[in-house]
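The values are calculated or read from the model by the stated rules, or taken from the named source; none is laboratory data. Note that the coordinates shown come from a computational prediction; the quantities given were computed from them, not determined experimentally. A quick note on method: Cβ atoms are made from the backbone with ideal geometry, for glycine too, and the neighbour counts reach across all protein chains shown. For accessibility, only protein heavy atoms count, side chains too; no ligands or nucleic acids. Shrake-Rupley method; radii C 1.70, N 1.55, O 1.52, S 1.80 Å.
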Amino acid sequence: MILLLYLNYPLFNLNISLNPMRVPFLILILSTFLSGISDAQHRKCYSDEHTENLMKNPEYAQDFRKRLAAFNAKSAETTAESRSNCTNTVTIPVAIHFQNTNTNDRACLESLVAQQIARLNADFQGVNEDIGDWKNSAAAYFPGVSNGEMCVNFCVATKNHPAGFGLNDGQMAVTINRFSGDSNNSWAGYVNIFVMELGNNLLGYSPLGGRGNGDGVVIGKHAFGGAGSCGDISTASTLDRGRTLTHELGHYFFLYHVWGNVENCNFDDGLEDTPTCDAPNFYCQDLGKSSCGTVDMHMNYMDYANDECMYMFSAQQAARMDSWLNSSLSNVLSNAANVCEASVATCTDNIQNGTETGVDCGGDCAPCDNPPTCDDNIQNGTETGVDCGGDCA
């Protein structure tokens with residue numbers, strides 16, 4: 001269990017819940033991104049600067065303080081060990097807004113959207129096709145650390161769309177060249193994804209801790225979707241698994257970069273199961289690479305590796321995102337029944353959806369009868385806790 005410490009942040013007057021061993025994490029809200037990075041192949045995220053700009057608005061800062069207080073209270077009761085075993089999956093309604101694109105091929109864009117949403121569900125649920133790289137290889141370098149598995153299902157809204165955007169019931173909530181910017185009040189109650197041209201080699205940005213009031217995540221045209229392209233919406237080869245959005249939604253659900261945004265071993269993201277590192281990790285690194293006296297978790301979605309080399313959240317990151325979802329985005333979660341069709345169990349897509357009680361099993365699928373492993377630091381099978389209960393000790 002993580003002990004909580006309430007400290008006062010001098011510029012924003014924010015009370016933030018922290019592990020007392022990670023106090024320097026407080027200054028991360030202010031810290032700006034590494035200014036020396038200019039290589040065109042490097043990832044570059046603008047979330048820190050974006051959040052800092054938002055916090056200059058007194059009304060925004062006051063609302064953020066209120067959300068932090070609710071988050072602190074929720075996180076005190078939501079730890080990696082106390083989270084549910086995905087018996088009650090929550091639905092997150094999503095809307096995607098393509099801006100200043102040279103294509104109006106809706107069918108093509110919706111195909112990219114479907115790829116991207118499938119990626120989000122797999123990555124956040126921890127059932128991505130490359131999670132075996134963590135379980136079979138990388139995890140050995142991080143004793144006692146489990147990958148995070150969230151009980152969420154991202155759904156592109158298909159009904160009761162806001163008026164004025166030319167959408168009919170049954171269509172995906174996908175707008176094409178309808179407006180510009182990174183917020184639109186008409187789309188409150190959704191997690192919005194704004195796909196647009198970004199300069200300065202930026203891949204995307206997000207507010208630190210989204211509000212669901214029409215705000216959302218911005219993704220560059222060259223970093224959205226997956227394989228294939230639609231006009232000028234086309235992913236670069238190192239970004240073709242759609243994980244830029246996984247990364248930016250981590251920020252939207254209140255995650256920091258794992259290195260803490262400062263090239264200094266005295267700073268990190270405030271979580272015990274993401275080791276301290278002194279800088280971002282780019283490209284694909286060898287397992288065991290270390291800094292600050294610990295092994296770098298460069299395969300974490302909140303680092304800067306290429307898409308094919310990032311494949312996990314940690315358990316405490318998942319717990320932190322759960323806390324933000326439930327404390328600060330209840331308006332989004334409650335809107336799901338209004339705008340999303342009931343999810344149908346598919347039983348063969350390696351994603352828990354519909355009535356499934358496990359991945360592709362239970363409910364309308366075949367019963368879940370996978371035996372527990374009891375020694376893999378993951379709650380599975382009949383276990384009622386991590387490696388305990390049910391058929392385990």
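Of note:
- Listed by position, the strands (runs of 3 or more DSSP E) contained in segment 124-222 that have at least 3 residues being at negative phi and either touching a Cys at 6+ places or on another chain (Cβ under 6 Å) or crowded, with 22+ Cβ neighbours inside 10 Å (or both) are 152-156, 191-196, 216-220.
- Within segment 129-163, the set of residues being in contact (Cβ under 8 Å) with a residue 24 or more places away in the chain and under 25 Å from LEU109 (Cα atoms) comprises GLU129, VAL152, ASN153, PHE154, CYS155, VAL156, ALA157, THR158, LYS159, ASN160, HIS161, PRO162.
- Scanning segment 335-373 for residues that are at pLDDT 80 or above, in a loop (DSSP other than H, G, I, E, B) and open to solvent by less than 60 Å² (accessible area, probe 1.4 Å) yields CYS340, CYS347, CYS365.
- Scanning segment 306-316 for residues that are of a type outside the set (A, V, I, L, M, F, W, C), touching a strand residue (DSSP E or B) at 6+ places or on another chain (Cβ under 8 Å) and open to solvent by less than 10 Å² (accessible area, probe 1.4 Å) yields a count of 1.
- Qualifying residue in segment 229-242 (condition: open to solvent by less than 10 Å² (accessible area, probe 1.4 Å) and either hydroxyl-bearing (Ser, Thr, Tyr) or in contact with a Pro (Cβ under 8 Å, 6 or more places away or on another chain) (or both)): no
- Those residues of segment 103-123 which are of a type outside the set (A, V, I, L, M, F, W, C) and crowded, with 20+ Cβ neighbours inside 10 Å, in sequence order: GLN116, ARG119, ASN121, ASP123
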